[in-house]
Each structure stands twice: as structure tokens, then as C-alpha cells.
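**Q** Below is one structure. I have some questions about it.
The values are calculated or read from the model by the stated rules, or taken from the named source; none is laboratory data. Not measured: the values here are computed from a predicted model. Don't worry about glycine lacking a Cβ; one is built from the backbone with ideal geometry, like all the others, and counts go over all protein chains shown. Protein only, heavy atoms only, side chains kept; ligands, DNA and RNA dropped before computing areas. Shrake-Rupley method; radii C 1.70, N 1.55, O 1.52, S 1.80 Å.
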Amino acid sequence: MKAFFKEFKKFITRGNVMDMAVGIIIGGAFTAIVNSLVDNIIMPLISAIFGGTNFDSWNVTLRGSGESAVVLGLGTFLAAVVNFLLIALVLFCVLKALNKASEMRDKLLHKEVAEEAPKTKICPYCKSEIPVDATRCPHCTSVLEEAAKS
Ligand SMILES: [Zn+2]
């Protein structure tokens, strides 16, 4: 039990949990915005395009009427699908931006390492110093198999 709490403490102090909490809160607020966007702006626009059709009236009553009616909620379903597609699209864009940001960060972090990487190598035939990506030695004109393959 002590080990469990120790691990839990490690987990919540690592900072990921705070990130996660912020993400969930922003996600919740974001969902409300997307829902509103779909319900109040996009669905009315689609309705207008289709000649003032109210999507709520797309619900097809199969049998009965009133509260006992069996209804196919096509309009409601369509709204949910548009909702999902919008959220997926926005998430995709956000993830893409995040990926780019972390890629740039990695580049900055690894820049120094990359600069330290050797730029020259020794030709196995004449033992001269040549560029690391050379496929043919400039000194003895030997074809360098290793570089040619990669
Ligand atoms: Zn050589």
C-alpha cells in the first residue's frame, strides 16, 4: 500500500497530471463550443442550403404518435455525425500543430548534437580524410560501398 502511494505521488508530481487536467477542462469547454457551433451555426446553414429544412423534422416516425411513437432520429443523428467530424478535424489540426511544435523543439535540442556529429571519415583505401557522405573518394577515386548503399 505504501508503494502504491509512493508511485501515485510520483505520478501526480510528474506534471503530466496537471497537463492532463488542463486538457480535460479545455476539452470540456471546447466540446461546448463545437456543440454550439454545430447546433446554432452549421446546422441552420445546412438547413438553409436545403431550402429551410429543419433537421429536427427529419426524424421519421415509424409507428404510433405522441410519447409512444417509435422515431428514427435522422436529423439528430446527422447533427451528431457533423459534430464528430468537426471535433475530429479540429483535433487533427491541434495534433498536427503540437507535432510540429515538438518537432521544432527536438530540432533545437538536437542541433548541438548534430553539429558534434563527425563530418568527415577516413577512406579505407588511401586513409585520407573525406566527407562522411562521400560515395567516391576524392583522393584515390575508390567507390565507397558503405556510403553508396545507404
Ligand atoms: Zn581514398
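So that you can scan it fast, the table gives a plain yes or no per residue for (1) more than 12 Å from the ligand (Cβ to nearest atom); (2) of a type in the set (Lys, Arg); (3) open to solvent by 70 Å² or more (accessible area, probe 1.4 Å):
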residue: Leu98; (1), (2), (3): yes, no, yes
residue: Asp106; (1), (2), (3): yes, no, no
residue: His110; (1), (2), (3): yes, no, yes
residue: Pro118; (1), (2), (3): yes, no, yes
residue: Cys126; (1), (2), (3): no, no, no
residue: Glu129; (1), (2), (3): no, no, yes
residue: Arg136; (1), (2), (3): no, yes, yes
residue: Thr141; (1), (2), (3): no, no, yes
residue: Leu144; (1), (2), (3): no, no, no
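**Q** Shifting gears a bit: Residue check: is Asn83 away from the ligand (no atom under 16 Å from the Cβ), surrounded by 10 or more Cβ atoms within 10 Å (Cβ to Cβ) and touching a residue at least 40 places away in the same chain (Cβ under 8 Å)?
**A** yes
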